[in-house]
Amino acid sequence: DSLTEIGYLRPGVTPTGSMAALALLRLQNQIDGWAADRLTLSVQLRTTFTLTSGTSTVTLGASGADVTMVRPVWIDTVNYVIPASSPAVEVPIGIMDNDAYAALTIKTLPSALPTQCFYNTSVSTTLGSLFFWPQVTQNVTIAIYTPQAVGVPATLDSALIGPPGYAEAFMYQLALRLCTPCGVSVPALLPTMAMEAFATMKRPNVSPGILG
């Protein structure tokens, strides 16, 4: 559809294998780039794990991580579950910034329950690190809430699932990215249509602030 939109293909014509591969690569890069834009993330994922006694740091990510998940760019909320509570009671944990974490003088201070946490990513590994303070002296269940992006398609047969408004944003935004490699001039209305579709996609993800 994107190739047809820019006039590179006639309706109903199948692209060549090399062009299809290029379009897939551009789509993969597009979705990867969107993952760095908070307003494109419509899914809230809840992940639970056990923070074991004597532990203060867990890694988050794919292969080799303590907690297997898509490495989050942002973490919205971190809660601990009060041990032995029934039904389970979640208590919010404060999320520190870089300065607050650096200001902790005793980072291995022991306590039964954590009260704060600090999330850090790295350019040298695909894993993120989530640090808890104080260091727990018992096993504690942790629940983290993270916004997630649409999955990056691995092949041309991959199915992408998104809420209403995403299909047009995928098509028009990809069409813009394919104009240059296809040697096609950008159609006059395409930038406006791509911008409007992108705004429509992000609009439901805007959370208005709450007045104190």
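The values are calculated or read from the model by the stated rules, or taken from the named source; none is laboratory data. Note that the coordinates shown come from a computational prediction; the quantities given were computed from them, not determined experimentally. When we count neighbours, we look across all protein chains shown, and the Cβ atoms used for this are built from the backbone with ideal geometry, even at glycine. When the accessible area is computed, the model is the full protein with side chains, heavy atoms only, and any ligands, DNA or RNA have been set aside. Shrake-Rupley method; radii C 1.70, N 1.55, O 1.52, S 1.80 Å.
State whether one or more residues within the range 40-47 are β-branched (Val, Ile, Thr), closer than 30 Å to residue 112 by Cα, in contact with a strand residue (DSSP E or B) (Cβ under 8 Å, 6 or more places away or on another chain) and part of a loop (DSSP other than H, G, I, E, B). Lay out the reasoning, then the answer.
Kept after step one, since they are β-branched (Val, Ile, Thr), are these residues of the range 40-47: 40, 43, 47.
If we keep only those that are closer than 30 Å to residue 112 by Cα as well, we get 47.
In the following step, the residues that additionally are in contact with a strand residue (DSSP E or B) (Cβ under 8 Å, 6 or more places away or on another chain) were identified as 47.
When the remaining residues are screened for being part of a loop (DSSP other than H, G, I, E, B), the result is none.
No; the residues of the range 40-47 include none that is β-branched (Val, Ile, Thr), closer than 30 Å to residue 112 by Cα, in contact with a strand residue (DSSP E or B) (Cβ under 8 Å, 6 or more places away or on another chain) and part of a loop (DSSP other than H, G, I, E, B).
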**OP:** Output yes when any residue across the range 128-138 is touching a strand residue (DSSP E or B) at 6+ places or on another chain (Cβ under 6 Å) and small (Gly, Ala, Ser), and no when none is.
**Re:** yes
**OP:** Give the range 60-71 a look and list any residue that's open to solvent by 60 Å² or more (accessible area, probe 1.4 Å) and part of a strand (DSSP E or B), or say none.
**Re:** 68
Original post:
Is it true that residue 51 is buried (at least 17 other Cβ atoms within 10 Å of the Cβ) and at pLDDT 95 or above?
Top reply: yes
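For the range 179-203, which residues satisfy the criterion of being in a helix (DSSP H, G or I), out of contact with any Phe, Trp or Tyr (no Cβ under 7 Å at 6 or more places or on another chain) and not charged (D, E, K, R)? Spell out the reasoning first.
Start the filter on the range 179-203 by keeping residues that are in a helix (DSSP H, G or I), which leaves 179-182, 190-203.
Of the ones still in play, those that are also out of contact with any Phe, Trp or Tyr (no Cβ under 7 Å at 6 or more places or on another chain) are 179-181, 191-192, 195-196, 198-200, 202-203.
Hits for the range 179-203 are 179, 180, 181, 191, 192, 195, 198, 199, 200.
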Original post:
How many residues, within the range 80-95, are open to solvent by less than 40 Å² (accessible area, probe 1.4 Å) and either at pLDDT below 95 or in contact with a His (Cβ under 8 Å, 6 or more places away or on another chain) (or both)?
Top reply: 1
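Among residues belonging to the range 32-44 that are touching a residue at least 12 places away in the same chain (Cβ under 8 Å) and open to solvent by less than 60 Å² (accessible area, probe 1.4 Å), point out the one that is farthest from residue 143 (Cα to Cα).
Of the residues in the range 32-44, the ones touching a residue at least 12 places away in the same chain (Cβ under 8 Å) are 32, 34-44.
Next, from what is left, pick out any that are open to solvent by less than 60 Å² (accessible area, probe 1.4 Å): 34-35, 37, 40-42.
Values: 34: 25, 35: 22, 37: 23, 40: 23, 41: 19, 42: 19 Å.
In this case the residue turns out to be 34.
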Original post:
Any idea which of (1) part of a loop (DSSP other than H, G, I, E, B); (2) in contact with a Cys (Cβ under 8 Å, 6 or more places away or on another chain) is the one residue 11 doesn't satisfy?
Top reply: (2)
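Determine which member of the set 199, 143 is out of contact with any strand residue (DSSP E or B) (no Cβ under 8 Å at 6 or more places or on another chain) and of a type in the set (Gly, Ala, Ser).
Details: 143 fails: out of contact with any strand residue (DSSP E or B) (no Cβ under 8 Å at 6 or more places or on another chain).
Exactly one residue qualifies, and that residue is 199.
What residue, among those in the range 11-48 that are among the basic types (Lys, Arg) and at pLDDT 90 or above, is farthest from the chain's Cα centre (by Cα)? Talk me through it step by step, then tell me what you get.
Our first condition is that a residue be among the basic types (Lys, Arg); within the range 11-48, this holds for 26, 38, 46.
Within this subset, residues satisfying the condition of being at pLDDT 90 or above are 26, 46.
Numbers: 26: 19, 46: 13 Å.
Ranking the candidates gives 26 first.
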Original post:
Do you know which residues across the range 178-189 are open to solvent by 70 Å² or more (accessible area, probe 1.4 Å) and in contact (Cβ under 8 Å) with a residue 12 or more places away in the chain?
Top reply: 186
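Just checking, does the range 72-95 include any residue being outside any strand (DSSP E or B) and in contact with a Gly (Cβ under 7 Å, 6 or more places away or on another chain)?
Pass one, the range 72-95, residues outside any strand (DSSP E or B): 72-76, 82-89.
Then keep just the ones that are in contact with a Gly (Cβ under 7 Å, 6 or more places away or on another chain); that gives 72.
So far as the range 72-95 goes, yes, one or more of its residues are outside any strand (DSSP E or B) and in contact with a Gly (Cβ under 7 Å, 6 or more places away or on another chain).
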